[in-house]
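The values are calculated or read from the model by the stated rules, or taken from the named source; none is laboratory data. Predicted model only: the values in this text are computed from it and were never measured. FYI the Cβ positions are ideal-geometry reconstructions off the backbone, even for glycines, and counts take in every protein chain you see.
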Amino acid sequence: MITLENIEKYYANKGIKSYILRHVSTTIKQGEFVSIMGPSGAGKSTLLNILGMLEEPTYGTYEFMGENITSLNERKRIELYRNHIGFVFQAYHLIDEMTVAENIEAPLLYKKIGGAERKSRVADMLDRFNIVGKKDLFPNQLSGGQQQLVGIARALAAQPSIILADEPTGNLQSAQALQIMELFKKLNEEEGITIIQVTHSEVNAEYGSRILHLLDGVIKEDVAVA
Amino acid sequence: MFKLNFKIALRNLWRNKTSSLINIGGLAIGLSSCLLLMLYAGYELGYDKKYKNADHIYQGMVNVYDETGHIARTHGFTQNALAPALKDGFGGILYAARTTDLYKRLVAHKTSSLKLDNRYADPDFLKIFDYQFISGNPEKALSDPNSILLTESAAKRLFGTTDVLNRAVKFENQADLKVTAVIKDLPANVSYPFETLVPWTVYERLNTWVGKVNWGNHDFLTLLSLDKNANIEALNAKLKGIVKRNMPTAKEDIFIYPLTKLHLYSDFVNGKSIGGKIQQVRIFVALALGILFIACVNFMNLATAHAQKRAKEIGIKKTIGATKTSLVIQFLLESLILTAISILISIAVVEVSLPWFNHLLDINIVIAYFNPANWLVLLAVLLLTGFVAGSYPAFYLSNFNPIQALKKSLNFKSGYSLNLRQLLVIVQFSFAIILIAATVTIYKQLQFIKDRPLGYNSSALVEITHEGMLYEKYEQLKSRLLADGAVIAVTQSSGSLTNRDGTIRDLKWDGMSEADKLIDFDQIYTTYDFIKTTGIKLLAGRDFDKQFASDTAGIMLSKKAVEAMGLKDPVGAKILNQGVVRTVVGVFNDMVWGDRTKFEVPMVITYTEGISEDITMRLNPQKSITESTASIDRIVRELNPDFPVDIRFLDKLNEVKLKNEATLAKLSNVFGGLAIFISCLGLFGLSAFSIEQRTKEIGVRKVLGASIGELTKLLSLNFIKLVMIAIVIAMPIAYLLMEKWLNGFEVRTSMSWWIFILTGCFTLVIAMVTVSWQTYAAAKANPVKALKHE
C-alpha cells in the first residue's frame, strides 16, 4: 500500500544542510499495525508527516496505493489523503470554536458528503465512543482523554483506510492510554484499518505487529513484534 | 458548510468582544460617513433632474465683453425682451418663460397674511417644469391675469387646508388674485423653488418699468424648453448679436445653457464653464471613499494581526482536508458577516444623524427607503467593502503551512507581511493628517475673511424692507424712530448693504479715456444720512446734506473709484451719470459690498429719491436690543399695518454669506476628527495585539532589569515611528492641496508653517496617548504572570 524509497528531508540554513531523514526506504502493507520508535529528534514526526502528505520530502519517492505522491499536484494530493488518511495528533488539535459533534463532522464537510449521511456517521461515532451526551460541549469542557477520543472519532469519521497517529497517548494518563490502544487494536484487527503510530512507549509498541526504529534520521531496525 | 462557518464566525465575534467591537465600530463609522457623504453627492448631482423634460430645459445666459473683446463675466440675468424674442424668432424653442428671483411677497386673506417666497412667471413656466397638481388645471393656471398658484405647504400655512381653489387673496396689498391651482411641494434639490407663482402680467401691472421693452436691464431669468432634436450649437451661433441688433451700444452676447448643468457647473471663465459646485461634490466623494478606505485598512490590519490566534484552526482544517479555496471562502464570509453587521449599524447611525447633517449643510436630504436603486447601491457597498477588507487577510491566512501553524512556529516577523501592515498604518495616518491640516487651513481662511474690515460698522445695524405705506410715510417714520430713541440714525437705499445688486457703466468725467467707458462701478442710490448710519469712513468732503439744495444732484466716490477715474481733485468734480450732471460731494473709503471673498471694486453713491428697497438703521447703543427692536416693530406697524415687519441684523446677513466656507470648515472638522479616531482605533488594536504577543519578552526583560520607562519606550517606538513617517509624507501633500484650494479665492490668507507644526504635534500626541497607556500598563505588569504564560 505504501512504498517509500530513499526518502530524504533536510533543512537548509545559510548553506548548511541539516538532515532530518536520510535513505529511508520501507514498504507497508494494508492491514499492518506499525510503530515508529526512536529518541527525540530522530525524525519520527517528520516521517509521519511525510506519510500523511503534510510535508514533502526533499528527495525520494513516495508511492501510496500505486500513485506516486511526489509528482501529484496539491489538489490531487488533498483528494487522496482526504479519502484515505486519518490523522491523530498528540495534542488532539481539536478546533476550539466548534462543538464535539461539529469537530467530528468537519472532515465530512470537506469531503462534500451529504447532510443526512454526515449526521448518521457522526451519530455512529458518538455512539461508538460513548460520548453521545457530550456532543454539544466544547473541547475546553472535556478531559484530555475525552478530547483524544474525539480526535480519533474525527479521524475515523471519514472512513479512512489508514490511520496515522503521532504519540496518541503521550498526554494521557495510563488508564486512558490503555483504552486508546485497545481501541486501535480493535480497529486494526476487526476492520482491517492500517495503523502507523509514532510512540515512545514500549508498551504501546507491543500492540502493533511491526516496529521501525529510527535513529538520527535513518532506519536502524525493522522488527516484527512477537 | 456555510451554516457551520456562519456559526463559527458568530462565535468568534462573541469570544473576542473587544477586537470585534473595535472592528465593527471602526467599520460602522467609516460606512456611515461614506453613506452620508454619498447621500449628499446624490442630492447635489440630482439637482433639477427630476423634471420629466429635464434634459431639454435651458436657461438664457449672458456673456459680458470688456474693451478688448474678451469675455469679462458670465451671468444668468437676462432682459425682459429676450424670452418673447427667442420663442418667436428661433426654431427648436418650444416654450420660453421669464421669471424673477425668489422674493418674499405679502399674500393675505381675511384671517391671515404671510410673506411667501414668490416668483413671477410667464404661463410657459408650467409647460417647462412639470409639477404635480393637487387641484387646478396646468394648462390654464397662470393664463388668467389674476391668478396665483400655491404649493401644498404654502396653502396649509395660509389657509390651514389645501382645498383652496378659487379662493381670493390680496397680493402685496395691491392686487386681488384668485387661487387657480395648488401643487405638491417641490423636492428640495431644485434651482427654482417657490411657494407661490404669480403671472408675469401682474408683475407688469404693479411695476410699470417691467413692461417696457429694455435691452439694457438685466433683471430677469429666462427659461426655455427645447425641442428634442434641437441643435444647441446652431442655436447659440444664431443667437450671436441678438442684443446688439436691439441695442447697438451693447457689449454682450446671449447663449443658452442646460439647466441640469447649472447647479454644479456655474463657474464661467471666458464664456466656458470650468466647474463650480461640482468641485465641492468631488471633494466630498473623495472624502467619503477615503474614510471608508481607512476603515477597511483598519479591518485588514486587525484581522491579519489576529492571525496567530487562528493559526491552529487553520492548521487543523488543512490536515483534515480543507483546500486553500475553502479557507479563503470561509474568511471572506467572516468579513462579509462583519461588514453586514456594520452596515446595519451604520444605516441606523445615518438615519439618526441625518437631521444634524441636513442642518449643517442647510439642505434637506431624505432617504428614499423605497427606492430599489438605493438598496442595490448599499448591497454593492457591502460586497465591495467586505471583499476589499477581507481579501488580504483571507489570502494571508489561508497560506499558512499547516505543520508550522500547529507547532506555533509560524514566523510572523517575516519581512513581507509585517511591512505591508506597517505601510497600511502609514497610509491611514497620512490621510487623517491631511484632513487635519486641511481643517486648520480652512478655519484660518474663514477667520481671515471674517476679520477683513467691511469698511462700515455692521454691529448694531439693522434693516427692514422699504415697502407699502413706508414710501409716502418715510419722513414720518424717520422722525418717530429718532424721537423714540430706539435708533440714532436712519437711511434709505436702493439695496441692502449686504447684497451687491446694482452696477453702472458709461459714467463720464473729465479726462477719461476710451477704455474708461467700459468700467463698471458699483452703485447705490440713497438720500440723506447714509454715511452717518452705516459708519462708512469719509476720506474727503462730506455726506449729502439737506442744507445744500444742490446735493440732490450729488454723488460720492469710493477711493478705488477715484483711482480708476484718475481724478486729482475729486471733491467738486463733475460726473455725468445717466444724463444728469452730478457734483462729487465726498470721497469715502472702500467698502465690501456683499461678497467678502472678493476685493472691493470702484463704487459710487448717487443721490436719488424714489429708488429704495431697504431702510437701514443704527440701533441706539444706550438701549437694549430687545427694547429697540420692539419699538421699531411697533412704530413701523403703526405706519404700515398691512405688512409684517422683518427686522434683519446686518451681522447675521453677512455671516450667512460665508455659509459655503463655514460648512466646508465644519465638515472637514468632523470628518477629520473621525478619520483620526478610526486610525487611532486601528493603532489601539494593533498595539494591544502586539503587546499580547510580546508578553513573554516583556516579562523576561523585566526580570533582567529593564525599567518601566525603558519598556514603555521600547514597545511604543515601533508605532510612533510609523506615525512620524506618515507625518513626513502627508505634510507636503497637504501643503500642495491647500495652496491649490486657497488660490481659488481672491482674498486669501497665507499658508503658515505653524499649521503644519500644530498638525504634526497634534497627531503625534494622539498616537502616543493611544499606544502608551497600553504599553505602560503592560510594562507595569508582574513579570511572573507573563512567564507563567508559557
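Looking at B:339, B:304 in this structure, which one is more than 14 Å from every other protein chain (Cβ to nearest Cβ), part of a helix (DSSP H, G or I), modelled with pLDDT of 85 or more and in contact with a Phe, Trp or Tyr (Cβ under 9 Å, 6 or more places away or on another chain)?
Values: B:304 fails: modelled with pLDDT of 85 or more.
B:339 is the lone residue from the list that is more than 14 Å from every other protein chain (Cβ to nearest Cβ), part of a helix (DSSP H, G or I), modelled with pLDDT of 85 or more and in contact with a Phe, Trp or Tyr (Cβ under 9 Å, 6 or more places away or on another chain).
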Please indicate, with yes or no, whether at least one residue in the range B:86-96 is under 30 Å from residue B:284 (Cβ atoms), touching a residue at least 60 places away in the same chain (Cβ under 8 Å) and out of contact with any helix residue (DSSP H, G or I) (no Cβ under 6 Å at 6 or more places or on another chain). no
Count of the range B:87-125 residues which are under 18 Å from residue B:216 (Cβ atoms) and not in a strand (DSSP E or B): 1
May I ask you to list pairs of residues, at least six apart or on different chains, whose Cβ atoms are under 8 Å apart, with the first in the range A:120-140 being more than 20 Å from residue A:158 (Cβ to Cβ) and the second being among the small types (Gly, Ala, Ser) and surrounded by 15 or more Cβ atoms within 10 Å (Cβ to Cβ)? A:136/A:101
Here the qualifying pairs (Cβ atoms under 9 Å; residues six or more apart or on different chains; first in the range B:235-264 and at positive phi and modelled with pLDDT of 85 or more; second among the basic types (Lys, Arg) and assigned to a loop (DSSP other than H, G, I, E, B)) come out as none
Has the range B:466-485 got at least one residue that is crowded, with 19+ Cβ neighbours inside 10 Å, closer than 20 Å to residue B:650 by Cβ and touching a Lys or Arg at 6+ places or on another chain (Cβ under 8 Å)? no
Wholly within the range B:472-590, strands (runs of 3 or more DSSP E) carrying at least 2 residues that are closer than 15 Å to residue B:607 by Cα and not aromatic (Phe, Trp, Tyr): B:487-493, B:521-526, B:554-558, B:574-577, B:580-588
Exactly one condition in (1) of a type in the set (D, E, K, R); (2) in contact (Cβ under 8 Å) with a residue 60 or more places away in the chain; (3) surrounded by fewer than 14 Cβ atoms within 10 Å (Cβ to Cβ) is not met by residue B:537; state its number. (3)
Does residue A:93 meet the test of being within 19 Å of residue B:323 (Cβ to Cβ) and touching a residue at least 60 places away in the same chain (Cβ under 8 Å)? no
Pull up the range A:69-81, narrow it to residues that are of a type in the set (Val, Ile, Thr) and within 14 Å of residue A:2 (Cβ to Cβ), then point me to the one that is nearest to the other protein chains (Cβ to nearest Cβ). A:69
Somewhere in the range B:660-668, is a residue out of contact with any helix residue (DSSP H, G or I) (no Cβ under 6 Å at 6 or more places or on another chain) and among the acidic types (Asp, Glu)? no
Residue pairs qualifying under the 7 Å Cβ cut-off, at least six apart or on distinct chains, with the first in the range A:44-68 being free of Cβ contacts under 8 Å to residues at least 40 places away in the same chain and more than 11 Å from chain B (Cβ to nearest Cβ) and the second being in a strand (DSSP E or B) and surrounded by fewer than 20 Cβ atoms within 10 Å (Cβ to Cβ), are A:68/A:61
Residue match in the range A:17-40 (condition: within 14 Å of chain B (Cβ to nearest Cβ), more than 17 Å from residue A:5 (Cα to Cα) and surrounded by 14 or more Cβ atoms within 10 Å (Cβ to Cβ)): no
Are any residues in the range A:110-141 surrounded by 15 or more Cβ atoms within 10 Å (Cβ to Cβ) and either within 13 Å of chain B (Cβ to nearest Cβ) or at positive phi (or both), and if so, which ones? A:110, A:111, A:113, A:118, A:122, A:138, A:139
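To keep it simple, each residue is scored yes or no on (1) in a loop (DSSP other than H, G, I, E, B); (2) more than 7 Å from chain A (Cβ to nearest Cβ); (3) touching a Leu at 6+ places or on another chain (Cβ under 8 Å); (4) in contact (Cβ under 8 Å) with a residue 12 or more places away in the chain.
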| site | (1), (2), (3), (4) |
| --- | --- |
| B:313 | no, no, no, no |
| B:316 | no, no, yes, yes |
| B:322 | yes, no, no, no |
| B:331 | no, yes, yes, yes |
| B:335 | no, yes, no, yes |
| B:343 | no, yes, yes, yes |
| B:347 | no, yes, yes, yes |
Considering residues of the range A:82-97 that are over 15 Å from residue A:139 (Cβ atoms) and at the interface with chain B (Cβ under 7 Å from one of its Cβ atoms) only, the residue surrounded by the fewest Cβ atoms within 10 Å (Cβ to Cβ): A:82
